[in-house]
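Have a look at the structure below before the remarks.
Any read-out appearing in this document is the output of simple, stated calculations on the displayed coordinates, not a laboratory observation. Just so you know, these numbers come straight off a predicted model, no measurement behind them. Positions of Cβ are backbone-derived with ideal geometry, glycine not excepted, and every protein chain shown enters the neighbour counts.
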Amino acid sequence: MTLFKQIPDNFFAILTSKNKDIFAMSLMILFSLSGEVQIKKSEYLRTLKENLAEMLQTISLDEDPDINPNSFNRTGYILSRLEQTGWIAVISGDETGTFEEYIIIPDYAFRFLEVIASLLENKANEYNSLVYTTYTILNAEDLKPTQYQFSTLLKAEENINRLSVSLRSLFNSILLYKSRLSFTFTQNDLLANYFDGYKQNIHDRFYHPLKTFDSIVKYKRPIISILQRWLYDPSIRNVLITQSFVKGFAKDEKTASDNIITIINKICDTLDSLDRTVMTIDEKHAEYTKATTNKILSLNKDDQSIVTRIEGIIRDYAAASLGQGKTPPSRIEALMQGSIHYYESGYLGIKGSSLTFPYIRNYTETLISDEPLDSMIDFEEVALDFLESSYRTITSRDVFDFIDTFFGDQDEIYTKDISLKTKDELVMFLLAVSYNADTEGLFYDLMNVEDPKYIIHDGYKVPNFLFKRRQ
């Protein structure tokens, strides 16, 4: 079934007309009155007149040339256009048993009204803690099974599907904000896009919760463990099959069993793929933040050199070409072509003649610094660059396997027990001590040893750590 078999062909006409702002506000007023069981036509017209008095005076009748602009009823015009385009229906007194007329909002129109009201009121979707919620309902049902165990499984599947959609939306939103950098030419616009737009609507509402209290890394393994227990425990699986019969999801035992296996495997596979999606989102978030910072710093340079001035002219010309400047591109071109003049600087001598300025070489010999080379190098920055380049080819599993070889049958090892004889071993060690405590697959806890705090080991001065195997 196509969209325009569900709604009238001219349904969106009022939102593409010259009066679209007036109609949008009229629709929002209609939505605000929809809390009543019945909307009185007289009350809606009165509310329109009270709230849109100034806007109603600006109504354009270019699309309705047959209407006399000096005598037409403005609120009545709004009402008739809403009715003609299928946003409302007006019930006469005969149908209601009274002399009062009422406005009816069709179901399809009400759904669009919800979206428009949300946009006009600048309401952002709130993050629903889908990962934590999924773990909570599964864990509660696992600890104390009820007659709703199969319904809980279906709810978990629904939450994970919604999470997948939310992550794709988050990824695309970050890309959208990053693409806008190419069309932003002032510091104020950059700061507004980042703090008023990205940080409030994307980072704080979605990205931050996803990285903290609703972390996929934190709850993925417990969720999968519960589902696998349900899948491989015959008694639990039989309960799920029985409940699926009651719900009408299957006609026979084999179909019900296959459906349950499919749902559980789908949830587990989706969680694994979403873990990788979050890593990609992290990369795009870092790229956008870095690109915004670099552009702000570039625009913030207090440089009055001719190069900077030329850059400013080119930037203004680019903005004008995109329709974002006050001066048309042709005017900027004319100003550039008519403003290239060269003047020879000079001064008046004793005899009144104009002479060029003498060229004075300001040169002062400086000795090469005797400061040790080590103190002139930012080793932290070099180390981070080194780790970042190495991290692209080494997985966390490689690092964990490397550390595990030195544990053997022991529960505790120190830095001195780990070989650092090669570059690869040094990189493995540095990565091993850089992981967060909630990193997936991490099997040890890391503690600082204060005495001694640093040791010389295999030619390197490294921190003295205690690696303790988790039980």
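For residue 102, the residues 5 or more places off, or on other chains, whose built amide H falls under 5 Å of its own are 41, 91.
When the C-alpha to C-alpha distance is required to be over 21 Å, the pairs from 290/326; 199/295; 218/266; 20/199 that qualify are 290/326; 20/199. Counted by neighbouring Cβ atoms within 10 Å, the residues 180, 74, 46 run from fewest to most as 46, 180, 74.
What the phi angles of segment 246-253 give under the Karplus curve with 6.51, -1.76 and 1.60, with θ = phi - 60°, is a coupling list of 4, 6, x, 8, 8, 9, 9, 5 Hz, glycine and proline written as x. The Cβ shell under 13 Å around residue 237 holds other residues with a net charge of -1, Lys and Arg each +1, Asp and Glu each -1. Checking the Cα-Cα distances for 220/284; 155/468; 211/461; 220/468 against a 29 Å cut-off, the pairs over it are 155/468; 211/461.
Does segment 3-120 come out rounded, prolate or oblate by the C-alpha gyration tensor, with a ≥ b ≥ c the root eigenvalues, rounded set by a/c under 1.5 and, if not, prolate when a/b is larger than b/c and oblate if not? Cα axes put segment 3-120 in the rounded bin.
From the Cα gyration tensor of segment 390-430, with a ≥ b ≥ c the square roots of its eigenvalues, which class applies: rounded if a/c is under 1.5, or else prolate if a/b is larger than b/c, or else oblate? Here segment 390-430 falls in the oblate category. Between rounded, prolate and oblate, where does segment 130-299 land on the alpha carbon gyration tensor, with a ≥ b ≥ c its root eigenvalues, rounded for a/c under 1.5, else prolate if a/b exceeds b/c? Prolate is the answer for segment 130-299, as a/c is 1.5 or above and a/b outweighs b/c.
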